[in-house]
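Nothing in this text is a laboratory measurement; each read-out follows from the coordinates by a stated rule. Because the structure is predicted, anything quoted here is derived from the model rather than measured. Here Cβ is always computed from backbone atoms with ideal geometry, including for glycine, and neighbour counts include all displayed protein chains.
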Amino acid sequence: MMKTFATAVILVLSMGLGYAQTIDAANSKVEFGVSNLYVNWVEGTFTGMSGTINFDPQNVSAAKFAVCVKTSTVNSGIEDRDEHLRNEDFFHASEFPTICITSTQVSKTSSGYLMKGTLDLHGIQKPIEIPFTYSNKTFEGSFEIDRDDYEVGEDYSSFTIGSTVELDIICKVQ
């Protein structure tokens, strides 16, 4: 009886984890872009992606995403700017070491998929929607946020740094 119960538990657990994917952190990133003084465009990346993904294209409604990037990995190509972005004026990486997305619902669309969930940035959680595609073990999604909603760089006007930040997520899985 105990052997049968243990076998049943293992089968149930393996079925639930059958589509869990491991993030390939070395090849995954979040790219960002924001206007600067209305004439420049600043681009950069966040790396250090980690978390859990459970996605089966045949059972989209059961999909779950809980993915984070490290704020300390911000890279705009200019080290002095990156250090400023890591401090309390912007991401305050020592107090808020990660930016995380957690799904609440995933659905199929005519052009791919739509993830509804929560973005946790700078200690503030807000609902978001991210349209994404999945092909060749790669999730790709794009969305925009208003940095003011998350109190990031709140001492800087939208003239100096644009309020709208464009984000592209590229998440490769193994």
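Would you list which lysines come within 20 Å of K126, measuring only between C-alpha atoms, while excluding same-chain residues fewer than 8 positions from it?
Reachable lysines: K64, K70, K116.
For segment 90-174, state which GluC sites (Glu not before Pro) are in a DSSP loop and have at most 15 other beta carbons lying within 10 Å of their beta carbon.
Those that pass, being in a loop and sparsely packed, are E95, E151, E154.
Could you list the trypsin sites (Lys or Arg not before Pro) in segment 74-169 that lie in coil according to DSSP, counting only those with at most 12 other Cβ atoms within 10 Å of their Cβ?
The qualifying sites are K137.
Taking Cα pairs under 8 Å and at least six residues apart, what relative contact order does segment 20-172 come out at, in percent?
About 25 percent, as a whole number.
Measuring from centroid to centroid over Cα atoms, what is the spacing of segment 24-45 and segment 56-73 in Å?
20
For the chain, what does -39500 (n - 2.57) per DSSP helix run (n ≥ 4), summed and divided by total residues, give at 222 nm, in deg cm²/dmol to the nearest 500?
-4000 deg cm²/dmol
How large is the dipole of the chain about the Cα centre if only Lys and Arg carry +1 and Asp and Glu carry -1, each at its Cβ, rounded to the nearest 20 debye?
The dipole of the chain has a size of about 1280 debye.
If the convex hull of the alpha-carbon atoms of segment 56-115 is projected onto planes in all directions, what is the mean projected area in square nanometres?
5.7
For the chain, compute Rh as the Kirkwood radius over C-alpha pairs and then the Stokes-Einstein diffusion coefficient at 10 °C and 1.306 mPa s; write the answer in µm²/s, rounded to an integer.
For the chosen part, D equals 91 µm²/s.
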